[in-house]
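Before any comments, here is the structure.
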Amino acid sequence: MLVPPAPLTAAAAAMPDEQGPIQGVEVALATELLAILEDSYGAGARSAKAYLNDDSVVVFFDDLQLQRSEEVLIDSGERRSVIDFRNHYQQAIEATFRAAVERATGRRVTSFASATKLDRHYAVEIFRLAPATGASPADARSDSG
């Protein structure tokens, strides 16, 4: 029975990979996407974990750090506003997230979806990938703009 590795924290993200090529790509993805999240929102998440499986990548950001303004909105009953804002923002920075996934996987991203949940403060990012062409991640060329 396969047991997934423990969630990646920002500190653990920099540790060298000893698990193999797929886990190395997953660590690189989690590390870079967590950095993008922190840079773009001004706050990140306690941990990030990426999963690469066939033609998809799924990334979980657990224990999202909310902005004070978002916390005020939530406290005043405006949870939907916070979710809507984060969903719109993720669409606005989609190209940045796509580029990171394409660099790490060596494959073009064909579709992206993002969801934020406030009941446990987490987000999930889903990327669908074009079929593999035999190129390694080091040979990656992105043809999305």
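Every residue, every condition in (1) at pLDDT 90 or above; (2) open to solvent by less than 50 Å² (accessible area, probe 1.4 Å); (3) in a helix (DSSP H, G or I); (4) under 26 Å from D119 (Cβ atoms), yes or no:
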position	(1), (2), (3), (4)
P4	no, no, no, yes
E38	yes, no, yes, yes
E70	yes, yes, yes, yes
G77	yes, no, no, yes
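Anything in the range 104-135 that is among the hydroxyl-bearing types (S, T, Y) and open to solvent by less than 40 Å² (accessible area, probe 1.4 Å)? List them, or say none.
T105, S114, T116
Would you tally the residues in the range 79-103 being open to solvent by 20 Å² or more (accessible area, probe 1.4 Å) and of a type in the set (F, W, Y)?
Quick first cut of the range 79-103, residues open to solvent by 20 Å² or more (accessible area, probe 1.4 Å) only: 79-81, 83-85, 87-89, 91-96, 98-99, 103.
Okay, now just the ones that are also of a type in the set (F, W, Y), so 85, 89.
Final tally of qualifying residues: 2.
Taking the range 6-27 as the region of interest, how many residues are of a type outside the set (D, E) and modelled with pLDDT of 90 or more?
Looking only at that region, the number is 1.
Restricting to the range 136-145, give me the number of residues that are surrounded by 14 or more Cβ atoms within 10 Å (Cβ to Cβ) and either among the small types (G, A, S) or modelled with pLDDT of 90 or more (or both).
2
Can you run down the residue pairs with Cβ atoms below 8 Å, 6 or more apart or on separate chains, where the first is in the range 93-104 and over 15 Å from V25 (Cβ atoms) and outside any helix (DSSP H, G or I) and the partner is open to solvent by less than 40 Å² (accessible area, probe 1.4 Å) and of a type in the set (S, T, N, Q)?
Pairs that qualify, where the first residue is over 15 Å from V25 (Cβ atoms) and outside any helix (DSSP H, G or I) and the partner is open to solvent by less than 40 Å² (accessible area, probe 1.4 Å) and of a type in the set (S, T, N, Q), are I93/S40.
Quick one: which residue in I83, I74, I126 is under 30 Å from I22 (Cα atoms) and hydrophobic (A, V, I, L, M, F, W, C)?
Within the list I83, I74, I126, the selection yields I126.
The values are calculated or read from the model by the stated rules, or taken from the named source; none is laboratory data. Please read all numbers here as calculations on a predicted model, not as lab measurements. Virtual Cβ from ideal backbone geometry, glycine too; neighbours counted across all protein chains shown. The protein model used for the area step is the full one, side chains on, heavy atoms only, and it has no ligands, DNA or RNA in it. Shrake-Rupley method; radii C 1.70, N 1.55, O 1.52, S 1.80 Å.
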